[in-house]
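The values are calculated or read from the model by the stated rules, or taken from the named source; none is laboratory data. Since this is a predicted model, take the numbers as computed values, not measurements. A quick note on method: Cβ atoms are made from the backbone with ideal geometry, for glycine too, and the neighbour counts reach across all protein chains shown.
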Amino acid sequence: MSEESGILGLGKAERPAFWATFLGWGLDGFDYMMYTLVIALIMRSLHLTTTQGGMIGTVTLFLSALGGIIAGTVSDRIGRVKALGLAVIVYSVFTFLSGIATSYPEMLVFRAFEGLGFGGEWAVGAVLISESVSSKNRGKILGYVQGSWALGWAAALILETIVVSVFPSSISWRIMFWFGILPALLAFYILKKVPEPQTWQKAATAEAKKTNISFFEIFKPALLRKTIFASLLAVGAQSGYYSIFTWLPTYLKTVKHLSVVGSAGYLATIIVGSFVGYVLSGYINDWLGRKATFVLYSVFSGIIVLSYTHFHITNGTMLILGFPLGFFASGIFSGFGPFLAELYPTDARGAGQGFCYNFGRGVAAFAPAIVGALAVKYGLTLGMSIFGPAAYVLCIISLIFLPETRGKELSGDVGASVSLH
């Protein structure tokens, strides 16, 4: 047995997988959040309308859902490590190419392919690390991996602050995207240093691997219930998240008339809250269990939405509320990595993880539009008050129909539905 060390308690054999997924997800956040930080500069430089700027973001999100499903399924066939390396290369290369776009169609295509890699990285990375670490630490480790997204977001914010202050606006956004090639270097580390998890290696040698296509396994009777309700769990968490982070800035500026929104201080508070929320969620997942942690974060995320919409808020209050907003609305996602991995057998784990989480992402892409439609009829305050909490209620309802999986060992189990053939 490898000696464990450090706050994470990782053995020597587990560390390469941890650092590959930690850095991969952090650099994923670094690449993805660039667009949100420089969208105004891009629109001005390429003469885009607000509709076109929004469409680029929507297409990226939709393709990320497809990328997660494809990459997860592919990882069941060729291995977690190769699939992760390919995903990192795709999102880093097309982030770089976004920096040379000269028109709306070019930017749309480049960001669409970036989305494919972006979605694929999480789906495969979460399975890789889940299969590589022990069950007693799985939630905690996934919490740290998820927390790297906030670090990547912070790095993008710091880079944007520096680059925009040094270079003219016509070129600064391009330089930002060119930095996006950095994750490609990680792909070489992944392919050379990280071993395939033994669970996948065992399943890959089983006879069932020659006859079953993992993607369709998750819709067969033995796994269908899990697939349906895990997907609804992802729909609820991501719909709540996207509705909050899409409309909250507009709401606070136009309804509450607050000036701190969008400032570096406010964003920093949210980013710190997100990181702490991600990490502590991992510990809580191992302590209370997967389902109880989801319920806890869902309840408080809903309360935060109602706090923003029904209480008097000042600029000073905003800086305080930014922390719990990031803590709960972002921290809920730390549970998806271990929970989805533990719900599925090894030969369908990539497909199950990739489909459920990314089906949720695809459906959640409509959340901002639904809140906008509710706002037209009822006002933005009521629209957010209705949709946000309702999304988190969906999370809680979905959990009723899913098993608790804390402590489950991920052995090289194959084909939960094979026995039914």
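Quick notes on this one:
- Checked against (1) more than 15 Å from the chain's Cα centre (by Cα); (2) modelled with pLDDT of 85 or more, Thr21 passes all but a single condition, namely (1).
- Residue pairs meeting the criteria (Cβ under 6 Å; at least 6 apart or on separate chains; first assigned by TED's automatic domain parsing to the domain that holds Leu321, in the stretch 288-308; second surrounded by 23 or more Cβ atoms within 10 Å (Cβ to Cβ) and among the hydroxyl-bearing types (Ser, Thr, Tyr)): Ser298/Tyr392; Ser301/Tyr392; Gly302/Tyr392
- When we screen Leu128, Leu151, Leu97, Leu116 for residues that are under 14 Å from Ala20 (Cβ atoms), crowded, with 18+ Cβ neighbours inside 10 Å, outside the structural domain of Gln353 (by TED's automatic domain parsing) and not hydroxyl-bearing (Ser, Thr, Tyr), the only hit is Leu128.
- Criterion: under 15 Å from Gly24 (Cα atoms), in a helix (DSSP H, G or I) and modelled with pLDDT of 85 or more - qualifying residue of Ser148, Ser165, Ser172: Ser148
- Residue match in the stretch 9-18 (condition: closer than 29 Å to Ser103 by Cα, among the small types (Gly, Ala, Ser) and not assigned by TED's automatic domain parsing to the domain that holds Arg349): no
- Of the candidates Ala329, Ala348, Ala390, the single residue that is within 26 Å of Ser274 (Cα to Cα), of a type in the set (A, V, I, L, M, F, W, C) and buried (at least 24 other Cβ atoms within 10 Å of the Cβ) is Ala329.
- Of the residues making up the stretch 280-299, those that are of a type outside the set (Asp, Glu) and surrounded by 20 or more Cβ atoms within 10 Å (Cβ to Cβ) are Ser281, Gly282, Ile284, Asn285, Arg290, Lys291, Thr293, Phe294, Tyr297, Ser298.
- Residues that are over 20 Å from Gly120 (Cβ atoms) and either touching a Ser or Thr at 6+ places or on another chain (Cβ under 6 Å) or at pLDDT below 85 (or both) number at least 2 in the following helices (runs of 4 or more DSSP H) confined to the stretch 328-386: 367-378.
- Residue list for the stretch 306-326, restricted to those being buried (at least 16 other Cβ atoms within 10 Å of the Cβ) and either at pLDDT 85 or above or touching an Asp or Glu at 6+ places or on another chain (Cβ under 7 Å) (or both): Phe323, Pro324, Leu325, Gly326
- Evaluated against (1) at pLDDT 85 or above; (2) touching a helix residue (DSSP H, G or I) at 6+ places or on another chain (Cβ under 7 Å); (3) aliphatic (A, V, I, L, M), Leu61 falls short on exactly one condition, (1).
- Note on the stretch 175-206: among residues that are surrounded by fewer than 19 Cβ atoms within 10 Å (Cβ to Cβ) and in a loop (DSSP other than H, G, I, E, B), the one that is nearest to the chain's Cα centre (by Cα) is Leu182.
- Subset of the stretch 95-116 (residues that are small (Gly, Ala, Ser), part of a helix (DSSP H, G or I) and closer than 12 Å to Gly180 by Cα): Ser98
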